[in-house]
Amino acid sequence: MIKAKILIVEDEPAIQELLAFNVMQAGFHALRAEDADSAWQQIRSNFPDLILLDWMLPNTSGVVLAKQFRADARTKDIPIIMLTARGDERDKILGLESGADDYITKPFSPRELMARIRAVLRRHIPVMPEETVAADGLELSPASHRVMANGTAVELGPTEFRLLHFFMTHAERVYSRTQLLDQVWGTQVFVEERTVDVHIRRLRAALEPTEMDRLIQTVRGSGYRFSTT
C-alpha cells in the first residue's frame, strides 16, 4: 500500500511532534515545516498529498499561505486542513475561503483529526481499483500490491507499479509522456516529461528477467504503449 505524505506546517515544536506522531501512527508519512519558507522547501523536495496548516505562523499567517498555495499551479490542488485555536464562525469561514478543504479547532482528538484527514484524502486521491488485471502471463494485484510474471514475483517501486497498472488497464493505446504524467502522476505534480522515460526504464529493467519487458513498447515520435502483440 502506498502511504500518503502529510505535510505538517506548525511552528510549535511540541504540537508539531504530537501531530507527526499521530500521522505516522495512522500509517501516513509525516513531513514537517515550521514556517512558510520550509513548507515550500518540503513541497519542492517531497510533494505532499495533504497539508495540515496552522493558522498562526511566524512572518505570515496560515490563511495567507493557503491563498499562496491555491494561486500556484504546482500546489493549487493539494488538499489543506486548517488547524487553529480560533473557533469563531467568521474565522472558520475565512479559513475555508482562503482555500482550506476542512477546518479543525484546537484542542482536537487524534481520532477526529485522522478521520478528517482520511475523508479529505478520499475526495482528492484517485483510488486504484482492487481487481487483479492480467495479460499474457503478467498479473498485477492492486489489493496485495504484487506483480507476478509466469509465476515469478516482480519487485516494483510505487511509481512503476502505478505505471504498469495504467498500461495494463489501457492496453494497445499509445500515450504521450504528457498524458502519462497526467494519468499516473496526477495533474497537480510538477515534474519534467523526461521523468516518464526514467520510470519506463526502471519498469522494463524489473520485467526484463521474465522477458515481460517486451510488453512495454516505444512508439517513435508518439510515446509508449502496452501491447501483447
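Projected onto the charge dipole of the chain (+1 at Lys/Arg Cβ, -1 at Asp/Glu Cβ, origin at the Cα centre), which of Leu31, Ser176, Met82 gives the Cα projection farthest towards the positive end?
After comparing all options, I get Ser176.
Under 1.5 on a/c is rounded, so check that first for the range 5-124, then, if it is not, pick prolate when a/b is larger than b/c and oblate when it is not; a ≥ b ≥ c are the square roots of the alpha carbon gyration tensor eigenvalues. Provide the component values of the computation, followed by the final result.
Numbers: a/c = 1.20, a/b = 1.03, b/c = 1.17.
Rounded.
Hey, got the dipole for the chain? About the Cα centre, +1 on K and R Cβ, -1 on D and E Cβ, debye to the nearest 20?
400 debye
Determine the dipole magnitude for the range 5-124: charges of +1 sit on the beta-carbon of Lys and Arg, -1 on that of Asp and Glu, nothing else is charged, the reference point is the Cα centre, and the result goes in debye to the nearest 20.
Computed charge dipole of the range 5-124: roughly 480 debye.
Which is the longest run of the chain containing none of the GluC sites (Glu not before Pro) found in DSSP loop states (not H, G, I, E, B) with at most 12 other C-beta atoms within 10 Å? Could you put the intermediate results ahead of the total?
Details: sites that count: Glu130, Glu131, Glu155, Glu172, Glu192, Glu193, Glu211.
The longest uninterrupted stretch comes out as 1-129.
Rounded, prolate or oblate: which one fits the range 1-72, using the alpha carbon gyration tensor with axes a ≥ b ≥ c (rounded when a/c is under 1.5, else prolate when a/b beats b/c, else oblate)?
Here the range 1-72 falls in the oblate category.
Please arrange Thr228, Thr75, Thr169 by how many other C-beta atoms lie within 10 Å of their C-beta, fewest to most.
If I rank by nearby Cβ atoms, fewest first, I get Thr228, Thr169, Thr75.
May I ask for the angle, rounded to the nearest 10°, between helix 36-45 and the longest principal axis of the chain, with both axes built from Cα atoms and the value confined to 0 to 90°?
Orientation of helix 36-45: about 10 degrees from the principal axis.
Rounded to the nearest 10 degrees, what's the angle between the helix 62-71 long axis and the longest principal axis of the chain, both from Cα atoms, 0 to 90?
Taking Cα atoms only, the helix is inclined about 30 degrees.
Would you mind ranking His29, His165 by Cβ crowding within 10 Å, fewest neighbours first?
On the way: His29 16, His165 19.
Ordered from fewest to most neighbouring Cβ atoms within 10 Å, His29, His165 come out as His29, His165.
Based on alpha-carbon centroids, what's the gap between the range 1-44 and the range 154-229 in Å, whole number please?
Taking the Cα centre of each part, the range 1-44 and the range 154-229 sit 30 Å apart.
Mind listing the long-range amide H neighbours of Ile78? Cut-off is under 5 Å, sequence gap 5 or more, other chains count too, H placed in the peptide plane at 1.01 Å from N.
none
Taking Cα extents along the principal axes in Å straight from the coordinates, which label in (i) 45, 44, 26; (ii) 63, 35, 26; (iii) 70, 32, 30 is the correct one?
(ii)
Run the reach check for Lys67 against aspartates and glutamates, Cα to Cα strictly under 16 Å, same-chain hits fewer than 8 apart removed. What comes back?
Asp35, Asp37, Asp54, Asp77, Asp91, Glu97, Asp101, Asp102
With an 8 Å Cα cut-off and a minimum separation of 6 or more residues, compute the relative contact order for the chain in percent.
That works out to 13 percent.
Counting other C-beta atoms within 10 Å, which of Ser61, Ser45 has the fewest, and how do the rest follow?
Ser45, Ser61
Where both residues lie in the chain, what percent of DSSP beta bridges are antiparallel, nearest 5?
45 percent
Okay, helix-only estimate at 222 nm for the chain: each DSSP H run of n ≥ 4 adds -39500 (n - 2.57), divide by all residues, round to 500 deg cm²/dmol; what do you get?
The per-residue figure over the chain is -11500 deg cm²/dmol.
Scan around Arg146 for amide H atoms under 5 Å from its own, H built in the peptide plane at 1.01 Å from N, and keep only partners 5 or more places away or cross-chain.
Ser141
Readers should treat all values here as calculations from the given coordinates under stated rules, not as data from a laboratory. Bear in mind that the values here come from a model prediction, so they are computed numbers and not experimental data. Virtual Cβ from ideal backbone geometry, glycine too; neighbours counted across all protein chains shown.
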